[in-house]
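Worksheet: one structure, shown below.
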Amino acid sequence: MTDIFSEPCKDGLLQVVRVDLENLEAVREARKHISDESWKLYTANDPKFNELERMARKPPPKPGDRGTVFFAMTINGEIVGLSNHYYFDSEWENYCVRGGLIVLDKHQRRGIATAYSKISVRMARHMGVICFYGQTRQNSPMHKLRKRQGWEMKQTFKKHGEDWINIRLIL
Ligand SMILES: CC(C)(COP(=O)(O)OP(=O)(O)OC[C@H]1O[C@@H](n2cnc3c(N)ncnc32)[C@H](O)[C@@H]1OP(=O)(O)O)[C@@H](O)C(=O)NCCC(=O)NCCS
């Protein structure tokens, strides 16, 4: 059955669940199967991932809440990726979200990020957000994916000596 948290992809039904105390150990185990290079790209967006246990203890967010929520992407109960939404007030919009995601190396190039993006937009809409922000390293797989999905390309900037770009999607 599909709902706002599910989307079919090549390998089955992708389902997104919030990281909580019940799946925390499985999430930690999944982390061991992620290369340092991929992890660096993911945590460059949200270093709070290291506060996983504190986040897992928080109650589920309600529409209008601010702050970070962590998610696990699963197919048939197996964790295939991790992600987060950070809900905040920006200089320009009252209530918006910034997202980060990582697909486990062995599951990449199977359309998981593409399917997750659809779920991610639905979750953000459900929270009441109209503007999605992101930051990505220029010419990275994520940059390509977002261009293909029609995200607006905004300011470029340097992070740790590399070329990055701010991106935005109006929902
Ligand atoms: C970016 C990332 C999330 C993509 O996940 P994915 O599930 O492999 O993406 P998809 O299978 O949906 O790929 C969609 C498109 O993205 C592009 N893409 C994905 N991986 C790519 C790669 N390694 N090289 C070049 N293009 C790539 C392609 O255009 C691809 O379409 P195609 O396979 O038809 O050519 C994944 O590579 C990843 O986790 N990278 C490390 C962490 C990261 O960079 N996170 C983003 C910063 S928040």
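Screening residue 55 against (1) surrounded by 15 or more Cβ atoms within 10 Å (Cβ to Cβ); (2) not in a helix (DSSP H, G or I) leaves a single unmet condition, (2). Applying a threshold of 9 Å to beta carbon distances and a minimum spacing of six or more residues, or different chains, the list of pairs starting in segment 53-82 at a residue that is closer than 17 Å to residue 122 by Cβ and ending at one that is exposed (fewer than 10 other Cβ atoms within 10 Å of the Cβ) reads 69/60. Across segment 154-169, the number of residues qualifying as of a type outside the set (D, E, K, R), out of contact with any strand residue (DSSP E or B) (no Cβ under 6 Å at 6 or more places or on another chain) and either under 18 Å from residue 84 (Cβ atoms) or modelled with pLDDT of 90 or more (or both) comes to 1. For segment 109-167, residues that are free of Cβ contacts under 8 Å to residues at least 24 places away in the same chain and away from the ligand (no atom under 12 Å from the Cβ) total 10.
Please determine whether any residue of segment 31-38 is over 15 Å from the mean Cα position of the chain (by Cα) and among the hydroxyl-bearing types (Ser, Thr, Tyr). Yes, that holds for at least one residue. Could you please find all residues in segment 90-108 being near the ligand (Cβ under 7 Å from one of its atoms) and either among the small types (Gly, Ala, Ser) or at positive phi (or both)? Scanning segment 90-108 gives a single hit, 100.
The values are calculated or read from the model by the stated rules, or taken from the named source; none is laboratory data. A quick note: this is a predicted structure, and the numbers were derived from the prediction, not measured. Glycine also receives a Cβ, built like all others from the backbone with ideal geometry; neighbour counts cover every protein chain displayed.
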